[in-house]
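Reviewing the structure listed below.
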Amino acid sequence: MLYSVDKEGYVRVDSSLLVAFKLLLETAIFVSISFAAISSRLFSVIRFESIIHEFDPWFNFRATKYLVSHSFYQFLNWFDDKTWYPLGRVTGGTLYPGLMVTSSVLYHFLHKIGLPIDVRNICVLLAPAFSSITSLATFLLTWEISDTVKGLRYRKTSAFFAAFFMSIVPGYISRSVAGSYDNEAIAITLLMVTFYLWIKSVRLGSVFYASLTAITYFYMVSAWGGYVFITNMIPLHVFILLLMGRFNYKLYTSYCTWYVLGTVMSMQIPFVGFLPIRSNDHMSALGVFGLLQFVLVANYLKRILSPEKFHRLMIASGSIVLTLGIAGLVLATKIGIIAPWTGRFYSLWDTSYAKIHIPIIASVSEHQPTPWASFFFDMNFLVWLFPVGVFICFQDLSDEAVFIIVYSVLASYFSGVMIRLILTLSPVVCVCGGLTVGKLCSIYMDFKDIFNSKAQKVSGAIFDTFSKLLVTSSLIFYLYYYVYHCTWVTSNAYSSPSVVLASRNPDGSSTIIDDFREAYYWLRMNTADDSKVMAWWDYGYQIGGMADRTTFVDNNTWNNTHIATVGKAMAVDERQSEVIMRRLGVDYVLVIFGGVLGYSGDDINKFLWMVRISEGIWPDEVSERNYFTPGGAYRVDDLATPAMKNSLMYKMSYYRFGDLFQGRDAMDRVRQQRLSAQYAEHINLDVLEEVFTSENWIVRIYKLKDQDTFGRDLIDLGEQKRHQLGKKALRKKTRSKPELDIRI
Amino acid sequence: MRLQSLLICAFLTGISLAETFSHVVKSLGSNGPVKVTDNNYQEVMANEDYSLVLFITASSPRIGCVLCTEVMPKYSQLASSYYKNLRASGVLNVKDDGLKNEDLELNKSKFVIAYADLSDAPEFFKILGINSVPKVYYYDPRKAMDAANPTDQYRFAGDDIPQRMSGWIMSHSSKSDPELFHIIETPDYQSMMANVFAFLVALFVLYKKSDRLMQVVFNKKLWRACCMILVILLCSGYMYNRIRQTEFTGHTQEGLPVYFAPSQQSQYAAETQIVSVIYAFAAVGVIVIADTVNRAVNPKHRFSIIVVCLVVVYFAYAYLMACFKAKNQGYPFSLMSVF
């Protein structure tokens, strides 16, 4: 019998049935959490279509397509001659292959089992799929932690809450919506899995779990440059445990196994190479490894020596090791065996360093510090549950809780310095939030006493019941509100592909602006296969991915000089620019212009960065000051400075812009400036000819004219032509133009 | 009579205004660049027989000029080693014979290195007519009266080491002596001594009071409080203020203080204080509910504590949301209307 009714009328249920029921419930909760995680990331797919987002994902997508059609070794040796023309890029050796390998393995696996899914769909949906694994890993991690925290009666409750928070926390969603096919999409999952396995191996002291940690660490190294976070987190955890006097053989076993295996494996990634034994980022891991050996020997000697002898030995050997260590470190850095702090890490400590010395880093908004509103935006009420979780971890201060404390402090520092790193903070915030809510639940959601007649008779029981009801209801209210907040943030802030823009017609109906793909498709269809397209670096990956044409610079900003050359070609006048373009071998030039539509992310707004970056290389030829009016204003209308008016970028943006307005003054809707009709008419281009302008004028493509057959100067020719055209003819010419209809 | 006194006046002012090189260096240039203020700019800018190098900066955090603070130490190092070299070479000891040296190239090679800070010389900045800092201006001899039109201007290039700057300065005169611009690395003995002293004191305290100290170091409550405060501070945008050196509050056009920056991407320093206090209230409220309340034996007391805490948490949260709504106008949710 599975259940029976006893004499007092209670229903007695068989324990196996209860276990089965529990399992069913847990599975159901998990399925719903995964469902929430995946479905909340699909806004963009439903609103637009299954499309790769933004910039970097386009490169990853292109690399994945290459990997799917070539062998793995070909991929590792891939020399890409379609970017950074004429330099090319050793792509295989300068990327983290984890993401591409993951999706190509998935692709081949699905094809093997008879599900022929397109590469693009795999890439688009990889991040949501991995987010559900992240929630699972968060569940396991929190479970391990809550095992060691006192006062948590229902351990799984906190773990489930942590998983639920993790599944929809906007800080993580920001990097893992469908279509955002970036390294972070799988890296956060790996981060959580690695941390879970690490905690598990510290608890058990098992070589098996430590090796698993090393394997996931290797996977993480292959997927994201942020693996350095783990490389420093784990040693720091061990180091703090040592300082607290918590050395034991479990710790020793797990750390040494992880360090040796993990380091050797991470060196197999071509891009990482010998960094783990050279760069300072990895030195803390090596140092702690050495320290552990030292502590082990000391521990052994302590057992066999008398206390006095041991004391003397400790002092002597301690001072020797310290001096030797410092001397060795200084010497190795001086000689150049150890690399100094790498640029990426430097900008973590001191962002003003990067701002001054590396204009490219400063121009990327991801490297900005984080204001409080972003924390709240990305974490909602978890932001004030977070300190409570830290408090709870301190109660019992187990080895595992120490890990969470170290992680919280370290990650909140990093995320405060760089807005992008909120991503590494959000998991620990979810764990801490889960612990807090779990604790509250274990105290206040326990309504057994109501049904217990004995407990009812204790005086004041009614007050306890009331307080339980109050706490429970407000908790449910906050949770309910959290879901609303996350959904709103995801749908409004993080679900725009930025390749396709959503807009509204004057009558309020929504419309889609698809100029980018229109232009890239035009390039793909109407230009020669080997033609070279010059554009600012932001669009390099997209041109490579969507138009499949050779670019000069792209979002992998490895060669500052090359970027500055392109910036200079845009910033100087036509005559100088022609020289640069001919030398580079440019066929087409692509600019983004938002003046018609009011698209503020256009090239004229980014123009100052082009000027700044090229000024860094050629301070005598380009000067930022010349692009501002004497009053210090950034103008594009009649009052713009001569340098501005003559620059190639300006001319390409406003060429024939006046024609749109049929004799009225032309209005730039981004900068809210008015170009008078006569002036706008006289913006001319001689070395380039317009070949394509997209529907809303966002993308304009120009072709570099061939050199004159008789060796005449193109600009002189243009001047002559304009001279011959009398004023009358000019007027007639503009009048006879076809009417342009723009949709805004 | 009147004409005579007028003439004398003109003569006197002429003398006092036209400064000579040795006089400026002796009277003003001591260890670093000559500081130009509203009181002395008329004297310094009247450069009779020297060329003037002027670094125009704004060190006040209100302006938030990162490059200014970055360049200033290098510039003063350049200036101080220049003046030191000058003194060592004995150029200054040559007696001022009162005769005006008419060799322009020689005059050009005598540089006075000066700087002007916005907070010390607002009047002077109006004359300069400047709308962006930092700048380094160079004036030929006798040209600095017309302060707004420098002879040459230095271009910042990211790696503005003193050598690059001194090369630029020297390029203005064929007779300039590279020896004078030899950079002298002066170790900062004062801070070094202070550090050594502090270290020794710390060691001494450690030795003498090690037991007491260990009690503090191993105090769990202290660490707990530290960690929580740190986490709360960092999550309320403390690093943003440090890196950006934001203003404490903003101002409306009428001059009233504004505590909340209108955009989600920026903030004032006051916001961090307000928000961290809110976080602290909410967190402490939850901690009392989750942890400490069980120590109260009397159920009535327990109930009232819980109610108070819940109310505190609710209002803290509602206020936080109102603050956020003030920064992000499109935010649709609110628990109470404050603004």
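The values are calculated or read from the model by the stated rules, or taken from the named source; none is laboratory data. Just so we're clear, the structure is a prediction, and the values are computed from it rather than from any experiment. Heads up, the Cβs are rebuilt from the backbone with ideal geometry, glycines too, and the neighbour counts pull from every protein chain shown.
Data overview
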read-out	value
Residue within the range A:443-463 that is in contact (Cβ under 8 Å) with a residue 24 or more places away in the chain, more than 7 Å from chain B (Cβ to nearest Cβ) and in contact with a Leu (Cβ under 7 Å, 6 or more places away or on another chain) present	no
The range B:253-270, subset among the polar types (S, T, N, Q) and within 19 Å of B:Lys325 (Cβ to Cβ), residue modelled with the highest pLDDT	B:Gln267
Residues (part of a helix (DSSP H, G or I) and in contact with a helix residue (DSSP H, G or I) (Cβ under 9 Å, 6 or more places away or on another chain)) located in the range A:526-558	A:Trp537, A:Asp538, A:Tyr539, A:Gly540, A:Tyr541, A:Gln542, A:Ile543, A:Gly544, A:Gly545, A:Met546, A:Ala547
Subset of the range A:415-453 [of a type in the set (S, T, N, Q) and either part of a helix (DSSP H, G or I) or modelled with pLDDT of 85 or more (or both)]	A:Ser415, A:Thr424, A:Ser426, A:Thr436, A:Ser442, A:Ser453
Single unsatisfied condition, A:Met525 versus (1) touching a residue at least 40 places away in the same chain (Cβ under 8 Å); (2) more than 14 Å from chain B (Cβ to nearest Cβ); (3) farther than 30 Å from B:Gln329 by Cα	(1)
Residue within the range A:643-657 that is in the same structural domain as A:Ala528 (by TED's automatic domain parsing), surrounded by fewer than 16 Cβ atoms within 10 Å (Cβ to Cβ) and either touching an Asp or Glu at 6+ places or on another chain (Cβ under 9 Å) or free of Cβ contacts under 8 Å to residues at least 60 places away in the same chain (or both) present	no
Whichever residue in the range B:298-339 is small (Gly, Ala, Ser) and assigned to a loop (DSSP other than H, G, I, E, B) and, among such residues, is farthest from B:Ile287 (Cα to Cα)	B:Gly330
Residues of the range B:298-336 satisfying the condition of being over 22 Å from B:Ile274 (Cβ atoms), more than 8 Å from every other protein chain (Cβ to nearest Cβ) and of a type in the set (S, T, N, Q)	B:Ser304
Filter result for A:Tyr521 (surrounded by 17 or more Cβ atoms within 10 Å (Cβ to Cβ), of a type in the set (Phe, Trp, Tyr) and not in a loop (DSSP other than H, G, I, E, B))	no
Residue match in the range B:49-60 (condition: under 30 Å from the mean Cα position of the chain (by Cα), within 14 Å of another protein chain (Cβ to nearest Cβ) and modelled with pLDDT under 80)	no
Members of the range A:394-413 found to be within 9 Å of chain B (Cβ to nearest Cβ) and of a type outside the set (Gly, Ala, Ser), listed by number	A:Phe394, A:Gln395, A:Leu397, A:Ile405, A:Val409, A:Tyr413
Tabulated pairs, the range A:21-34, first within 14 Å of A:Pro128 (Cα to Cα), second surrounded by 11 or more Cβ atoms within 10 Å (Cβ to Cβ), C-beta under 7 angstrom, 6+ apart or interchain	A:Ile33/A:Ser135; A:Ile33/A:Ala163; A:Ile33/A:Phe164; A:Ile33/A:Ser167; A:Ser34/A:Ser132; A:Ser34/A:Ser135
Filtered residues of the range A:100-131 (kept if touching a Leu at 6+ places or on another chain (Cβ under 8 Å) and touching a residue at least 12 places away in the same chain (Cβ under 8 Å))	A:Met100, A:Val101, A:Thr102, A:Ser103, A:Ser104, A:Leu106, A:Ile122, A:Leu126, A:Pro128
Unique residue being crowded, with 19+ Cβ neighbours inside 10 Å and either modelled with pLDDT under 85 or away from every other protein chain (no Cβ under 14 Å) (or both) when the list is B:Phe218, B:Phe181, B:Phe199	B:Phe181
Single condition B:Arg295 does not satisfy, out of (1) at the interface with another protein chain (Cβ under 9 Å from one of its Cβ atoms); (2) surrounded by fewer than 16 Cβ atoms within 10 Å (Cβ to Cβ); (3) under 30 Å from A:Ala461 (Cβ atoms)	(1)
Condition met for B:Pro187 (modelled with pLDDT under 80, over 30 Å from A:Ile617 (Cα atoms), under 23 Å from the mean Cα position of the chain (by Cα) and not polar (S, T, N, Q))	yes
Checklist (1) under 29 Å from A:Asn526 (Cα atoms); (2) in a helix (DSSP H, G or I); (3) out of contact with any helix residue (DSSP H, G or I) (no Cβ under 7 Å at 6 or more places or on another chain); (4) not small (Gly, Ala, Ser) applied to A:Arg712, failing item	(2)
Members of the range A:631-664 that are of a type in the set (A, V, I, L, M) and not in a loop (DSSP other than H, G, I, E, B)	A:Ala643, A:Met644, A:Leu648, A:Met649, A:Met652, A:Leu660
Residue that is away from chain A (no Cβ under 11 Å), touching a residue at least 12 places away in the same chain (Cβ under 8 Å) and under 43 Å from the mean Cα position of the chain (by Cα), where the choices are B:Tyr268, B:Tyr259, B:Tyr279	B:Tyr259
Unique match (being within 30 Å of B:Ile306 (Cα to Cα), more than 9 Å from chain B (Cβ to nearest Cβ) and without any contact (Cβ under 8 Å) to a residue 40 or more places away in the chain) among A:Ser509, A:Ser473, A:Ser467	A:Ser473
Residues that are more than 23 Å from B:Val275 (Cβ to Cβ) and crowded, with 24+ Cβ neighbours inside 10 Å, drawn from the range A:394-431	A:Phe403, A:Ile404
Subset of the range B:228-256 [under 18 Å from A:Asp378 (Cα atoms) and either more than 7 Å from chain A (Cβ to nearest Cβ) or surrounded by fewer than 19 Cβ atoms within 10 Å (Cβ to Cβ) (or both)]	B:Leu233
Conditions (1) without any contact (Cβ under 8 Å) to a residue 40 or more places away in the chain; (2) assigned to a loop (DSSP other than H, G, I, E, B); (3) touching a Gly at 6+ places or on another chain (Cβ under 9 Å); number of the one not met by A:Val622	(1)
The range A:474-518: number of residues that are buried (at least 18 other Cβ atoms within 10 Å of the Cβ) and part of a strand (DSSP E or B)	2
Filter result (surrounded by fewer than 23 Cβ atoms within 10 Å (Cβ to Cβ) and within 19 Å of A:Tyr181 (Cα to Cα)) within the range A:529-543	A:Asp538
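Rundown of residues vs (1) free of Cβ contacts under 8 Å to residues at least 24 places away in the same chain; (2) outside any helix (DSSP H, G or I); (3) surrounded by fewer than 22 Cβ atoms within 10 Å (Cβ to Cβ), yes/no style:
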residue	(1), (2), (3)
A:Ile199	no, no, no
A:Arg203	no, no, yes
A:Ala214	no, no, no
A:Phe218	no, no, no
A:Thr257	no, no, yes
A:Pro270	no, yes, yes
A:Gly273	yes, yes, yes
A:Asp281	no, no, yes
